[in-house]
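Please read through the structure below; I'll follow up with questions.
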């Protein structure tokens, strides 16, 4: 790939390279993996050049966490925008496709959720909570759960989010997507059957 010509294009290109290197570092080592010297080496710039693009590694971490949170929101938008009659058959395949398309985002999300001490954990935890609420609303509209009480639907939504996140991470790190989808589909079926049995 040829380097952009204008100064503004070069700056934008270098910033994108830093973000990509940051995503890779967080995906493999967590937010502690964001080290200016290593990022600069990966991008091919001197460490001080990093600060022309980001105030600090914390600023980069916030951008990465926000990007992962936005990706989860987009996935949930996709899942709820065209509600499926059978989410167990539909949602896992759509989540797997998202993981195949952009694996590092889901690794960043997983690492950030585990790193509870990092300040950006709250951004990612908030995104997961929003996903749970939104999927819960959609699940509550299913005919098969029409007799379930609200707490059963909330618990089902919590569990569905957990198994979808597991699928996203498994596929992102290279597990066989088809096998992961089949396993996730079975788990979602069990979760929904359990919620439907509680009235």
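Which residue pairs have Cβ atoms under 7 Å apart, sit 6 or more places apart or on different chains, and have a first residue in the stretch 52-65 that is in contact (Cβ under 8 Å) with a residue 60 or more places away in the chain and a second that is surrounded by 20 or more Cβ atoms within 10 Å (Cβ to Cβ)?
Matching pairs, first to second residue: 62/120.
Moving on. Would you mention how many residues in the stretch 64-77 are surrounded by 17 or more Cβ atoms within 10 Å (Cβ to Cβ) and over 16 Å from residue 166 (Cα atoms)?
3
Then there's this: Can you pull out every residue in the stretch 78-121 that is surrounded by 14 or more Cβ atoms within 10 Å (Cβ to Cβ), assigned to a helix (DSSP H, G or I) and over 12 Å from the mean Cα position of the chain (by Cα)?
Result: 78, 79, 80, 87, 88, 90, 91, 92, 93, 94, 97, 121.
Another question, then. Please state which of the following conditions residue 185 fails to meet, knowing it meets all the rest: (1) in contact (Cβ under 8 Å) with a residue 40 or more places away in the chain; (2) closer than 21 Å to residue 70 by Cα; (3) not in a loop (DSSP other than H, G, I, E, B).
Looking at each condition in turn, residue 185 falls short on (2).
OK, next. Do the conditions hold for residue 61, that is, is it at negative phi and surrounded by fewer than 16 Cβ atoms within 10 Å (Cβ to Cβ)?
No, not satisfied.
Run residue 148 past the list (1) part of a helix (DSSP H, G or I); (2) surrounded by 17 or more Cβ atoms within 10 Å (Cβ to Cβ); (3) modelled with pLDDT under 90 and report the number of the one that doesn't hold.
(1)
The values are calculated or read from the model by the stated rules, or taken from the named source; none is laboratory data. This one's a predicted model, so the numbers in the text were calculated from it and none came from an experiment. Methodologically, a virtual Cβ is constructed for each residue, glycine included, from the backbone with ideal geometry; neighbour enumeration extends over all protein chains shown.
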